[in-house]
């Protein structure tokens, strides 16, 4: 028992970080309805600003030098103030301009901010760590025979104090009252003279202050690097969910409890009874526990999670039906095939990456674009499908096409199971659950040394059919004879083209209309006899099957299934690329494929513009923000260039796609 | 005001807002360049004041790279070496590139290159994805000028790199990680880096009479593999171990240290290698007032760690190369520092991956120098010479033999040596090389 208390106290350190970020997330949500994935990035930035001022007297850049080093108090205040200004600027320049956009657009924008801040930190300070200057100096308290740094106890008190102050501000001040009013109903708040924009800005400022201040205090307990504090935003989202994005007290308590739980699990894994894998404690147990807790919270409180009463009703981008299907795809497929066969190898590999990325984006078109459910799980399910193909190949000697078919079935089944929580919750809450699920699958399944990819990745043999090798190193009669083989590119192309046609036909079909009806209004759909539960299961199943194709092709491409390819960062990146391209159309998935890492755009940047890969993340962050702000519907729904518009012929009976509106495209025929 | 008017007005301001945002970002990125990014060009600082006073012992260079210490420059057609670096992500090792360029520039300028041919680098960068490893493999495989590839210790992309190359061209690894690096076809690992813990830790711990060992490790696949190997070796040697894993993305090491019983064990073995986790280890030991002997890896003893913590933590460090901070009677460390000072520029990082890559560059030169000039364009001939290379390795153990380490077929050595730091620049070597056999 004594040991248990000791480890609960030790968990205060990481718990305080999660609690602080959860507070920041709740403040941002109350202010603007944004689920802020960048809360951890703001904490990181605050800690780096403080590091620069304390150790070198410069404000982030060595050119902005004030002195050899600044004392703690001014360094702290300047760092927090700069973060406040940045939070304010981001709210004015980005988030407020997305008020009419769906929550997903705001979430994507926060991912863009995260990528941008992390990229700037890496470019300035490098990818390795620093030792953050400590404010909370102190000794050690002995608790049941174990030392506990008393700085953690001080931190616990600080988090409690901040929570009480913030809660009091929102409960008893006119600012807090106004924020609550705007959160309940922006329209009513506007009629009573309140400005939702001003309130959003003030809350953004406060959220940045809390994240930065507690980031500065917590960073010395761990290490100051561009990743640790940023990724703490994931459990913080879970804590905020428990708090219904409303209660500061619950967010802080759950955040602290999560840190303590993780600490206790670290203790328990040293016991002999703890389950093992390959002779070592099972990895990822805490991630699975977090997932279960978040799942329970959602299922238990799902129907009571607050929806923001927005001034402008946010809707997902329109999902216009494709005007033409067969002809453009035949033309594009033939053109792509010729390019695969005759262009240089670097272009070929970039094109293969684009095609696989495009397929992954297609899975999001179905689940998010058509069905309206925000899920970050498809990519992880793609990893599972690849793993199944690997295991069937090594253990049962099953090859192409039997193993891929079974892999797709397995991922589809899991996808349908993952839809069960979606029967009770929707929107952004579901996104957070799928984030937790993606993390748990990565650390618990894919990272498992026995069941998962393990150290070498799970090997996958090259596909071959009727004696014809189809893999990346298969021989091919035309072209330069260099790797990768055009035949593998053609395999990817065929998969992509067929899936594009199928998803386009789905959009035109009765089932597609029904999925869109669910997206528009589940209640209205139910009223006319549709079953939201059944349609959600179908939509998730289709999406998972498509993601499985992407995962399997990726496994064939690399010759193995590596956990790193299916982690949360990649999943977030995929959603971002799909959204930038246009998450509601097949055209958007083609554009999304062009944007993916090491896709055709990246190849162009590197080979023709000689942009160093070190700047990709910076460009991705900037590109994401600019695209989301300028065109929240995605590039595919933007007006095409005038020279293309002039040549376009009207097709009888079909409305031009150039000017769709949310209402016209979602009118359904049932 | 009508509600929609707010939105419409906002929409009209989108362009200026985006322009302002883009300008802000461009300013930030420009400042980051001028503010001194972590990567630096070695050639830019070659003529520094400090460099002019450095005396390089060319006899050491000639001994480890082959050729003659004539001081003449190479003038023949270049020998292109494929170079896979890891930069721009987390982790990032720009010092490896500086070390390789410094070594090659020195060999070309002062040792006459390889049979008169200068060594040139064809560089491919992995930031952090498997796709980049695959592209690097294809790039070198499809480049007919590249007959041999060098590789830094990669945290990402090594599986796809080796899978793509598929043994068609030889790969020389400065410090391979367990997994694809140690089992790839036609590849040789010159040092064992953190793997040498597995073979040498038991002997060292016994030498300091430690019986109860507290171990901590991240829960990533590679870390777990090393931890498993070390734990099995220690227990086989009769030592009692307790291992606590911590999340790969977490660096609060106080909790795992206490879970592993660090305060009551005879010695603590933190299996951490990244700068961030090394700093976290130093911080955690300080926070709980750890007084037990800590045996860390030499990969932790970097300039970055010293700068971050004010000084190196007073641990014992396990090295698979000579410690560049400790006294050295062989002259190799002084040679390394002198070449880096002249060709790497002032302030060049001498820790982390720098000595490993520097050492590997000389080994490659020695391998190529031992071949007939006619064979330098043959991957098969280079591969054969690489596999029969038995050392000595600059800064490293005197003998190497590929395939001699059980479980790691590509490793040429798993020797390690230990240095204890007492503060204020005072290092004590614990003896010579400890090899798996001992």
Original post:
What are the residue pairs meeting all of these: first residue in the range B:218-233, first residue touching a residue at least 12 places away in the same chain (Cβ under 8 Å), second residue part of a helix (DSSP H, G or I), Cβ atoms under 6 Å, and 6 or more apart or on different chains?
Top reply: B:226/B:194; B:229/B:198; B:230/B:197; B:230/B:198; B:230/B:201; B:233/B:198; B:233/B:202
Original post:
Which condition does residue A:610 not pass, out of (1) more than 9 Å from every other protein chain (Cβ to nearest Cβ); (2) touching a helix residue (DSSP H, G or I) at 6+ places or on another chain (Cβ under 9 Å); (3) without any contact (Cβ under 8 Å) to a residue 12 or more places away in the chain, if it passes all the others?
Top reply: (2)
Original post:
Which residue out of B:151, B:132, B:138 is modelled with pLDDT of 90 or more and under 25 Å from residue B:416 (Cβ atoms)?
Top reply: B:151
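Against the definition (at pLDDT 85 or above, away from chain B (no Cβ under 13 Å), closer than 30 Å to residue A:236 by Cβ and in contact with a strand residue (DSSP E or B) (Cβ under 9 Å, 6 or more places away or on another chain)), how does residue A:414 come out, yes or no? Give the derivation first.
Details: at pLDDT 85 or above: yes; away from chain B (no Cβ under 13 Å): yes; closer than 30 Å to residue A:236 by Cβ: yes; in contact with a strand residue (DSSP E or B) (Cβ under 9 Å, 6 or more places away or on another chain): no.
It is false that residue A:414 is at pLDDT 85 or above, away from chain B (no Cβ under 13 Å), closer than 30 Å to residue A:236 by Cβ and in contact with a strand residue (DSSP E or B) (Cβ under 9 Å, 6 or more places away or on another chain).
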**OP:** Might you let me know whether the range B:206-220 holds any residue that is within 11 Å of chain A (Cβ to nearest Cβ), in contact with a strand residue (DSSP E or B) (Cβ under 7 Å, 6 or more places away or on another chain) and surrounded by fewer than 19 Cβ atoms within 10 Å (Cβ to Cβ)?
**Re:** no
**OP:** Mind listing whichever residues of the range B:173-215 are touching a helix residue (DSSP H, G or I) at 6+ places or on another chain (Cβ under 7 Å) and under 18 Å from residue A:449 (Cβ atoms)?
**Re:** B:177, B:178, B:179, B:180, B:181, B:194, B:195, B:198, B:215
**OP:** Would you be able to say whether some residue in the range B:265-287 is more than 8 Å from every other protein chain (Cβ to nearest Cβ), outside any helix (DSSP H, G or I), modelled with pLDDT under 95 and over 19 Å from residue B:219 (Cβ atoms)?
**Re:** no
Original post:
Under 6 Å by Cβ, and 6 or more places apart or on different chains, what pairs join a residue from the range A:58-83 that is within 19 Å of residue A:41 (Cβ to Cβ) with one that is surrounded by fewer than 20 Cβ atoms within 10 Å (Cβ to Cβ)?
Top reply: A:61/B:31; A:61/B:35
Subject >> Candidates A:381, A:417 - the one that is under 21 Å from the mean Cα position of the chain (by Cα) and without any contact (Cβ under 8 Å) to a residue 12 or more places away in the chain >> reply: A:417
Original post:
When you scan the range A:561-584, how many residues do you find that are crowded, with 24+ Cβ neighbours inside 10 Å and outside any helix (DSSP H, G or I)?
Top reply: 5
Original post:
Which of (1) part of a loop (DSSP other than H, G, I, E, B); (2) within 14 Å of chain B (Cβ to nearest Cβ) is the odd one out, the single condition residue A:477 does not satisfy?
Top reply: (2)
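State all residues of the range A:121-147 that are farther than 19 Å from residue A:227 by Cβ, in contact with a strand residue (DSSP E or B) (Cβ under 6 Å, 6 or more places away or on another chain) and more than 8 Å from chain B (Cβ to nearest Cβ); if no residue qualifies, say none. Give the steps one after another, and end with the answer.
Of the residues in the range A:121-147, the ones farther than 19 Å from residue A:227 by Cβ are A:133-147.
Going one step further and asking which of them are in contact with a strand residue (DSSP E or B) (Cβ under 6 Å, 6 or more places away or on another chain), we end up with A:140-141, A:147.
A:141 - this is the single residue of the range A:121-147 that is farther than 19 Å from residue A:227 by Cβ, in contact with a strand residue (DSSP E or B) (Cβ under 6 Å, 6 or more places away or on another chain) and more than 8 Å from chain B (Cβ to nearest Cβ).
Check every one of the strands (runs of 3 or more DSSP E) wholly within the range B:54-151 and list those with 2 or more residues that are in contact with a helix residue (DSSP H, G or I) (Cβ under 8 Å, 6 or more places away or on another chain) and within 14 Å of chain A (Cβ to nearest Cβ). Show your work before the answer.
Values: elements: B:79-86, B:119-126, B:146-151.
Correct list: B:79-86, B:119-126.
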Original post:
Would the range A:98-110 turn up any residue that is under 21 Å from residue A:620 (Cβ atoms), under 33 Å from the mean Cα position of the chain (by Cα) and at pLDDT 90 or above?
Top reply: yes
**OP:** Name every residue in the range A:142-189 that is touching a residue at least 24 places away in the same chain (Cβ under 8 Å), surrounded by fewer than 18 Cβ atoms within 10 Å (Cβ to Cβ) and more than 27 Å from residue A:216 (Cβ to Cβ), in order of residue number.
**Re:** A:144, A:145, A:180, A:184, A:185, A:187, A:188
Original post:
Is it the case that some residue within the range A:328-344 is in contact with a helix residue (DSSP H, G or I) (Cβ under 6 Å, 6 or more places away or on another chain) and either modelled with pLDDT under 85 or within 14 Å of chain B (Cβ to nearest Cβ) (or both)?
Top reply: no
Original post:
Which residues, counting only those in the range B:222-264, are more than 9 Å from chain A (Cβ to nearest Cβ), in contact with a strand residue (DSSP E or B) (Cβ under 8 Å, 6 or more places away or on another chain) and not in a helix (DSSP H, G or I)?
Top reply: B:239, B:240, B:241, B:262
Subject >> Residue list for the range A:499-519, filter: surrounded by fewer than 17 Cβ atoms within 10 Å (Cβ to Cβ) and touching a residue at least 12 places away in the same chain (Cβ under 8 Å) >> reply: A:505, A:508, A:510, A:511
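If you check A:291, A:316, A:324, which single one turns out to be buried (at least 20 other Cβ atoms within 10 Å of the Cβ), assigned to a loop (DSSP other than H, G, I, E, B) and at pLDDT below 90? Walk me through it before giving the result.
Numbers: A:291 fails: assigned to a loop (DSSP other than H, G, I, E, B); A:324 fails: buried (at least 20 other Cβ atoms within 10 Å of the Cβ).
The match here is A:316.
The values are calculated or read from the model by the stated rules, or taken from the named source; none is laboratory data. Small disclaimer: the values here were computed from a predicted structure and weren't measured. Neighbour counts run over all protein chains shown; Cβ positions are idealised from the backbone, glycine included.
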